[in-house]
Structure formats: C-alpha cells, structure tokens
Amino acid sequence: MELQERRRCSSAATAAASEQQPQPEQQPEAPKTKKDKPPQDMGKLALDFLFLKRLWGLFKVLFPLHRRSQTLWLALIVLSTHVIDQVATYFVGTLPSEFYHVLSAKNLDAYKMLLAQAFLIVFCKALTLAGIRAVTSILSLKCRQLCDYALHRLYFKRQAFFKLNTISNNVDNPDQRMTQDVEKCTRILCTDILGPVMIAPFIIGYYTYLTYTSTGWMGPVAIFGCFFLMTVVNKLLLTPIVALVNEQEMREGDFRARHMEVRSNSESIAFYHGGFIENVFANQKLAALIKTQRKLIDWHFVLGFATNAFQYFGSILSYLLLAIPVFITTDYADMEPAEIAKEISRLLEELHRLHSDCLETERPPSTVPSSVVVMASDEDREKTREIDELHGRQLGDVDEEEEELLARQQQRHSDDEWPDDGIAMTIDTVTLAVPNDPNHHVINGLSLQLVAGRNLLITGESGAGKSSLMRMFAGLWHSVSGKVDRHWHARPNLLFLPQRPYFPSKGYSLRQQMVYPAKAKAVEKDLPRLTAILERVRMEHLIDRCGGFDAPVDWDWMETLSPGELQRLSLGRVLYAKPRIVFLDEATSALGFDIEMQLYKALQQESITFVSVGHRYSLKAMHDVELRLTGNGDWQLSDIDAASIISRTQSILGTDTVLSM
C-alpha cells in the first residue's frame, strides 16, 4: 500500500516544475496536435531511480532539514505517538489470553486487577488514536501549505502558467493538480502512510521474532510467502487500476472545464443559439467519464475479491500455523488446558499482527490521484487517442429532429400569418431596458424593419446600447413596452456573431469549429467547400496546422489564435451557414481595412444581408441604412449616401484601395 500510495505525492511538486524551466525567447510555433506530439503515457508504472529522485525532491519540500521546520517536528511527534500506540496495541492483544487464564483458574483477585489494567490500557489506546488523528491532520495541513507555496512559485514564475494552460499539453488540468491532487497527496501521505511506514519495519521485525520463537522457521516463512504472493497479484491488478484512476480524474477535469467554459461564454453561446450542440458536447464529456468509471468499477471488483480473499485466508493461515507447536513440535504437551488456551491466544494475536502488518504494507489504495501516475510513469511511451467525431446518428439526434420538425410546423403556421415579403423583423415603438433595472431605459420608442437586401449599420458611442439592441434582436433581452414581431425563425434564416468570438476549446476538429453551432459530420463532399471558405477568409493554413478537418485539436482556440484570426474564422461560419441575415456585433473590429471590405463583399456575393455594429467610417460604404444611438435612449435612423461615403473614403485611403473593394 505504501509504495502505491506514496506515488500519489511526488508529482504535485514536480509535474509543474518540469514545464517551468527557463527557456530562450523564440518565435512561438503553432501548437502541435496530439497526432504530432503524443502526451505522456499514464498507463505504465516504473518504480525506478526517477521515481525515487522525485520522491526525494518532494520530501525535501515537505520536510526541510532545519531546526525551525514545523513539519519535521510534527513527523517526529507522529512517530513517537505511533510507538506508544503500538505498545498499547500489544497490551490490548494480550488481554484475551490473560482473561482466559484468570477465568480458567477462577482467581477473583487477579481478575479484578486485570480488569483495572484493561480499562487503563483501553483508555491509553483511545487517547493515542485520537492523538494520531489530530497530529497527522495538522501535519497534512502544513505539508499542503508548503507544497502549494512551492508550486505557486513555479507556476507564476516566467509566465509558466501561460505555457501550461495554452501551449504545453504535458500536464492536463494544472488547476486540478494544484488543488485537488495536492490536497489528496498530502492528506494520504500524512494520515495514512507516514506513521505506518515509519513504524512498520520495527513492528514486523518484532512480531516475526515472536512468531519464530513459537512456531520455528515455518511460521515466518509461510506468512512472508503469502505476503510475496499478495504483492505479485496486487501489482498485476493495480497497474490498470492506477491508469484508470488517472484517466477518471482527467475526465472529471474535462467535464468540469466544459461547464466552466459554457459559464464563461454563456452570452456568446446564446447569440449562436448553441444550446443544443453544447448539450451534445457536455454529454460527450459525461459519457467518456461514465465509461471510465464503469471500467474502474469492474477492476475494483476483481481487486476487492483478491484483497478480501487474501485477508480472510490470513485468518485460516494463523490456525494452520497454530498446529505447528501443538501437533508437530509438541511444545504444549506438558501444559494444562488453561495454559494451552493462554498460549494459543497469545500466539494467535502475534500471527494476526504479523499478517496484518504485512497486509497493510501491500494494501491497494482506494483512490490514486493522477499525480501518482505522473511521478511513476514512463514518459517516452506514446499514447493514441481516438478521434472523437460525430458520425451518423448520435446522442441528441432525435431531439434535434423533433425540434426541426416543430420548427417546420411553426414555419408553416407563420407563413400563413406572415407572408414572406423579405421582412425579417418588425420593431414597433419598442422601449428597451436593462433586465435587472426596468427603469434604466437603453432605447426609447424604437421603430424600424429589418428587410432582406437592406443592410443596416448600428453606430454610437460606447455604452449607447448597441450590443443591448443586438441582444433584443436575438431574443436574449425583452422590451418593456412596444412590440417585436419576428417574421422568420432564427435557424437557418438568422445567424448572430457575438462581439466576443467563441470557439469550443480542446478536442474539437476544424470542421466542427467551422460548422458551429451545427453538428459536424464526416461528409467528404463538404471538404472542397470548407477549403474554399478558408481560402476566402485567408485561414487555409489551419488545414495543415490542425492535421486536416477531422483531427481533434487539443489546444485552446481562443487563446492560440489572434483576435483577427478568430473574427475571420467566425465569418467563415457565416459563409458556410449562408443565413438570409447575419448580425455582426463588431465582428470585424480586429481586421484591417482591405480584409474587412473583402469579407463584406463576400457576404454580398452570397446574398447575405448584414446588420452590423461598428465604429469605422468605412463601414458605411457597405450599408444602406444607419441607426445611430445618441445616448439616453435617443436614436436617429437615416439612409446612407454611398456615393459620398466612397468619395470621402477615396480622399482618405486613395482611389486604388477603394476601387479594389
């Protein structure tokens, strides 16, 4: 048990250190996918020099060798308390044999004296157990504090936190390593391992000697032979279990990270109407977690069977060894029955203690943090990962089909009520307010129509209510007065690009990012179209960078790509979805003039009407109507004179630049 559990402890202080060594400044390269750079293998354990080196490094952090080291003094107190506890345990173990003797002899005075001793011994035993629990808990807190201090120094030094979270894939979920894994590591090390490991050699040696004096060489040999067999069996069973425990914690981290990402990007996802696909993503992470946990349960069943079999076999082995002095060596031939009962009880306790101590040193851990496997794993072995694609019918298809069917039915009813005359939305004297403050009006009495083929530009100072108006268009905010009639259903007629680009991070292919919020399917005939779209938005280099369209990409898209690249790829989604109207909330603010105009021209070529929020004067040349929000709820709606806008833009940027549009 100790060797398996101690592996839990080292990685928490060393996993981050391996990524935090100073590196020369160089041009950042494109992050490699798992296909290019396989992660370290967590399945193969090696109790080698590297493991001992890491363990020693952890101990130097937790138990510094100086007189002011609180953890070192607490460790010595733990050792002393365990020694007292073992003495009390020994006397507790001899009580049954003593009671057998005095009761068989019917000695009342000896019985009273033994009863008083028993109460005192039990009191001391209870006191030492409580003391061990208290001291080891305090030691665990101190060790966690020291370990986290050391990790924080490494984590926040030389921007290591940025490298671990965005560039490197050697350590998964570093936040989980420094919080959950460190807590488990120090708690199990101090409360379950440290004391028994320090006292175990002396206890095993002492009870081995007592067993040898009573049963000869056959008793210790039999017990240690059983112990060796248990070690081999547990080693074979623990290897896959430790790997599965590590995988389970990784899956737990991925599942938690998926929900955290949704929480951090909830508005952007809502603009995309991406609730369904996010449900699929979350369920995929949950399914992977449940699958791993199910495998772990199966292996725990096998391990539990083996452990319990050896444990109960130990009690039978004790009685088998008791036959040696009774039937083979005949050491008890001249004893009275009461004396024999006393000696058998004492010997049974010695055999039980020896077997229990040996069993305790090899007891498999119930849980093993992933840091254990990092510390004892072979980092050179390659690990393959399945490509998580969406082929054919999958979880949620039925729900999506039902939603589409319902939408079609509603569309037919809507067509009867609202004939398709090109009007997407009618806003009639609408007053818009902040949801949690109805008295704070953002826009007062707005009336306009969104019409296909008539591009609308929304301008105004920061805080005037431009993004609030986009929220109302998307149905995220509701007006406090007036009427908003939506003649078209959002999908597939309308598409919203939020001010903050959103791309699901880690594990999703380039195809999935381009078709979001739809589900990606491995359709070969789409590849030429997807390639052409990437070329139009000048992002064709992503095909090689991502290893193709369907390879899972494990780097964070929003952290790795520049703001301009994110906006170009977002507009690529528009070209793929081809909605009738797209709402752009400053969706080109990070782009240069030339690429911005080219992308707007591409939207026009695809007959996509756009409602844009922007500040640049040059945007007016691509729009027909301007809605200017002047603040305090006021607004102005006017047609745009494209000729005068182009003339003024020519004077600023040059004739050639404008003509190239």
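Enumerate the amide H contacts of HIS487 below 5 Å, restricted to partners 5 or more residues apart or on another chain; note that Pro and chain-start residues carry no placed amide H.
Residues meeting the amide H criterion: MET425, THR426.
SER562 versus LYS521, label points 7 Å from Cα toward the beta carbon: distance in nm?
3.7
Starting from the Cα of SER266, step 7 Å along the direction of its Cβ; do the same at VAL480; then give the gap between the two resulting points in nm.
2.2
Quick one: which residues, 5+ away or cross-chain, put their amide H under 5 Å from the amide H of VAL451? H built at 1.01 Å from N.
Those qualifying (amide H under 5 Å, at least 5 residues apart or on another chain) are ALA424.
Residue-wise, which Karplus ³J(HN,Hα) couplings in Hz belong to the range 517-525, taking 6.51 cos²θ - 1.76 cosθ + 1.60, θ = phi - 60°, and x for glycine or proline?
These are the phi-based 3J(HN,Hα) values: x, 7, 8, 7, 10, 6, 9, 5, 5 Hz.
Report the full-extension gain for the segment HIS152 to ILE595: residue separation times 0.36 nm, less the Cα-Cα distance, to one decimal in nm.
Stretched fully, the HIS152-ILE595 segment lengthens by 155.2 nm.
Given H placed 1.01 Å from N in the peptide plane, which residues other than close sequence neighbours of GLY445 have an amide H under 5 Å from its amide H?
Sorted by chain and number, the residues that satisfy this are VAL430, THR431, LEU432.
Please go through the range 492-567 and write out the GluC sites (Glu not before Pro) that DSSP classes as loop and that have at most 10 other C-beta atoms within 10 Å.
Taking the range 492-567 and a limit of 10 other Cβ atoms within 10 Å, no loop GluC sites (Glu not before Pro) are found.
Using a simple charge model, +1 on the beta-carbon of Lys and Arg, -1 on the beta-carbon of Asp and Glu, nothing else, what dipole does the range 521-615 show about its Cα centre, in debye to the nearest 20? Please list the in-between numbers first.
On the way: 11 positive and 15 negative charges, 99 e Å.
Dipole about the Cα centre, nearest 20: 480 debye.
If each residue's Cβ is checked for other Cβ atoms within 10 Å, how do THR431, THR630 rank with the fewest at the top?
Sorted ascending by nearby Cβ count, the order is THR630, THR431.
From the backbone phi of the range 574-589, what are the Karplus-calculated ³J(HN,Hα) couplings (6.51 cos²θ - 1.76 cosθ + 1.60, θ = phi - 60°) in whole Hz, Gly and Pro given as x?
5, 5, 6, 6, 6, x, 6, 9, 10, 9, 10, 8, 6, 7, 10, 5
Extending each Cα 7 Å along its Cβ direction at TYR209 and ARG67, get the distance between those two points in nm, one decimal.
Spacing of the two 7 Å Cα→Cβ label points: 3.5 nm.
Since every read-out is calculated from the coordinates, none of them should be taken as a lab result. Quick caveat, the model's predicted, so the values are computed rather than measured. As a convention, Cβ positions derive from the backbone with ideal geometry for all residues, glycine included, and neighbour counts pool all protein chains shown.
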